[in-house]
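Worksheet: the structure to be examined is printed underneath.
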């Protein structure tokens with residue numbers, strides 16, 4: 001593997017993205033809105049008394065952290081890699097002396113930095129206005145870091161293997177739309193997983209989507225702890241490994257089928 | 001008038017013929033619509049599983065707000081957004097200079113850029129939105145009066161005018177700052193209209209009523225149904241709709257004068 005070339009590619013991509021930062025700020029603004037809506041709705045609902053054992057300030061803290069985590073783990077390769085295969089731009093990437101995974105990583109890192117420049121100041125201002133309540137000790141923070149890294153890995157490889165379906169089907173974006181709806185419902189956006197009614201909660205705990213966004217937030221806000229947290233980590237690691245394996249299999253099988261003209 | 005209606009019919013026909021060439025897109029469109037219906041209703045169900053009512057808003061009335069949001073959004077995607085996006089969006093006519101050909105035509109320019117493109121798949125969303133609305137109104141039951149219903153329809157229409165005027169005004173700004181996607185900013189803020197304004201904190205409620213008045217589009221009509229609407233608010237929102245339409249049309253005319261075509 002050519003890591004030095006990969007690093008150069010990452011730097012190049014980041015610099016070219018910074019040129020178009022107002023465009024990416026707009027994208028980040030759009031992605032912030034849905035969790036922000038639920039922040040307001042739940043904190044209004046908990047205005048006079050706790051809802052499901054969570055107070056107004058705790059809802060604010062939960063959603064502000066969720067906005068950051070969602071932005072950090074958001075997988076844009078979902079959309080871009082599929083297009084590259086469909087339109088035959090994958091040709092150029094295959095000619096580079098390194099794995100095409102580096103292209104995805106490069107835009108991933110470039111994107112994260114550009115989005116954070118926008119999202120962090122906005123979140124800080126919101127935190128000053130909305131007075132969140134966060135009681136996170138060193139234990140919670142220590143558990144949060146691996147949960148966040150795993151969440152990013154899981155979402156990245158999950159999005160990547162879904163995108164690789166484009167090797168077989170021209171309109172694989174339909175499946176991506178289904179998975180976005182599931183992320184919206186089950187990843188802790190519409191409500192913390194603890195507040196979901198019975199069947200939905202069981203689904204959320206079993207399926208991978210909660211472990212892409214909601215789980216790290218639950219860990220740092222103390223909504224999940226003890227044995228429930230350990231079970232959570234086990235499921236999260238399980239899904240991450242599964243996603244990486246799926247990526248490898250799909251990539252090797254798919255590449256054999258891939259044909260394109262020109263490039 | 002007859003002439004303009006005839007033109008609209010021609011635009012619809014041309015757009016539908018274009019879209020029908022890609023039939024598998026219909027299934028994908030249907031899937032997207034059903035997903036957004038499912039997520040919208042489920043998220044409300046989860047919320048009202050935990051609380052009876054928030055600031056006086058109960059499940060049925062909140063569902064009605066969602067129904068209005070979906071209906072209005074569907075109408076927006078039926079023709080307003082596709083038409084205006086083809087003017088000011090990415091690769092739009094203002095940037096490419098294609099607007100030259102629009103300006104040469106002997107028809108009102110604002111009419112032409114507002115009705116030119118239609119997107120038939122939005123009809124699915126329209127049907128689903130109206131369905132949600134009917135279910136919500138049935139669930140609200142006896143509290144809905146016939147005057148409430150008539151006021152609701154009037155306010156729904158004026159909400160549509162408000163939405164059109166805002167979109168036109170944001171679109172017109174492309175003449176001052178080409179390349180900046182003003183309508184994207186608005187569509188982010190418009191997302192907030194899927195919940196009643198009462199669920200937001202006070203300062204945000206004021207912003208969403210008077211500065212970027214998305215609340216007038218969805219919350220105020222439903223207040224007419226629940227009987228919570230003050231007469232002053234009815235007059236105020238109708239006046240604001242008329243004012244916004246005039247101001248947006250003026251802004252579009254002034255902006256159009258700045259248009260200097262592309263380099264060719």
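Only residues that are over 23 Å from the mean Cα position of the chain (by Cα), surrounded by 15 or more Cβ atoms within 10 Å (Cβ to Cβ) and either in a loop (DSSP other than H, G, I, E, B) or at the interface with chain A (Cβ under 9 Å from one of its Cβ atoms) (or both): list them for the range B:26-53, please. Explain how you work it out, then say what you get.
The first filter runs over the range B:26-53 and keeps only residues over 23 Å from the mean Cα position of the chain (by Cα), leaving B:27, B:45-53.
Filter once more, keeping what is surrounded by 15 or more Cβ atoms within 10 Å (Cβ to Cβ): B:46-51.
Across the range B:26-53, the qualifying residues are B:46, B:47, B:49, B:50, B:51.
Within the range B:136-151, being at pLDDT 85 or above and either within 16 Å of the chain's Cα centre (by Cα) or surrounded by 15 or more Cβ atoms within 10 Å (Cβ to Cβ) (or both) holds for B:136, B:137, B:140, B:148, B:151.
In summary, residue B:66 fulfils each of the numbered conditions (1) outside any loop (DSSP other than H, G, I, E, B); (2) surrounded by fewer than 21 Cβ atoms within 10 Å (Cβ to Cβ); (3) within 14 Å of chain A (Cβ to nearest Cβ) with the single exception of condition (2). Elements of the type helices (runs of 4 or more DSSP H) sitting completely within the range B:125-232 and holding at least 2 residues that are in contact with a helix residue (DSSP H, G or I) (Cβ under 8 Å, 6 or more places away or on another chain) and away from chain A (no Cβ under 14 Å): these cover B:146-172, B:215-226.
The values are calculated or read from the model by the stated rules, or taken from the named source; none is laboratory data. For clarity, every value in this text was computed on a predicted model and none was experimentally measured. Counting neighbours? That spans all protein chains shown, and the Cβs are built from the backbone with ideal geometry, glycine included.
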